[in-house]
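Asker: Pasting a structure here, questions to come.
The values are calculated or read from the model by the stated rules, or taken from the named source; none is laboratory data. Remember, it's a predicted structure, so these values are computed and weren't measured experimentally. We place every Cβ from the backbone using ideal geometry, glycine too, and count neighbours over all the protein chains shown.
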Amino acid sequence: MFRARNTDPVTSWLAADSAKELAKHHATIIVDCLRKNGKLGKDGISNLTGLNPIQIARRVKEIERDGLICLTGQTVRSNSNRMEQEWQITPTQLTLI
């Protein structure tokens, strides 16, 4: 995913490059959490990893696009008692682990 536009200044490109590494690190944390703990919503992942829910919400779609995780089709209660989507390791990935 591109994090800077062609028209952005050099500083934006440098920031985007550093964000790319951080995004990979967050993705690894999220995938490991789901592998170890099973199906969770973003707040559940947050509670177990220390990442904030916004960091998780930004990463899960990218990780899903990479085929590592998927939605379960179920919802779970968030920390604010609202319903949120539940995520899991993609079943085909489980056979590879």
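Yes or no, residue by residue, for (1) at pLDDT below 95; (2) among the charged types (D, E, K, R); (3) touching a strand residue (DSSP E or B) at 6+ places or on another chain (Cβ under 6 Å):
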position: PRO9; (1), (2), (3): yes, no, no
position: SER12; (1), (2), (3): yes, no, no
position: ARG35; (1), (2), (3): no, yes, yes
position: GLY41; (1), (2), (3): no, no, yes
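Asker: Condition (residue is of a type in the set (A, V, I, L, M, F, W, C), surrounded by fewer than 14 Cβ atoms within 10 Å (Cβ to Cβ) and over 12 Å from the mean Cα position of the chain (by Cα)) applied to the range 78-86: is it met by at least one residue?
Answerer: Just the residues of the range 78-86 that are of a type in the set (A, V, I, L, M, F, W, C), to begin with: 83.
Checking the rest, the ones that are also surrounded by fewer than 14 Cβ atoms within 10 Å (Cβ to Cβ) come to 83.
Then drop every residue that is not over 12 Å from the mean Cα position of the chain (by Cα), which leaves 83.
Looking for residues that are of a type in the set (A, V, I, L, M, F, W, C), surrounded by fewer than 14 Cβ atoms within 10 Å (Cβ to Cβ) and over 12 Å from the mean Cα position of the chain (by Cα), one finds at least one in the range 78-86, hence yes.
Asker: Taking the residues in the range 87-97 that are of a type outside the set (Val, Ile, Thr) and at pLDDT 95 or above as candidates, determine which candidate is surrounded by the fewest Cβ atoms within 10 Å (Cβ to Cβ). Steps first, answer last, please.
Answerer: Taking the range 87-97 first, the residues of a type outside the set (Val, Ile, Thr) are 87-88, 91, 93-94, 96.
Still in the running and at pLDDT 95 or above: 87-88.
Numbers: TRP87: 26, GLN88: 18.
Going through the qualifying residues, I end up with GLN88.
Asker: Collect the residues in the range 60-77 that are in contact with a Leu (Cβ under 8 Å, 6 or more places away or on another chain) and buried (at least 16 other Cβ atoms within 10 Å of the Cβ), keeping them in residue-number order.
Answerer: Pass one, the range 60-77, residues in contact with a Leu (Cβ under 8 Å, 6 or more places away or on another chain): 64, 69, 76.
Answer for the range 60-77, where residues must be in contact with a Leu (Cβ under 8 Å, 6 or more places away or on another chain) and buried (at least 16 other Cβ atoms within 10 Å of the Cβ): ILE69, VAL76.
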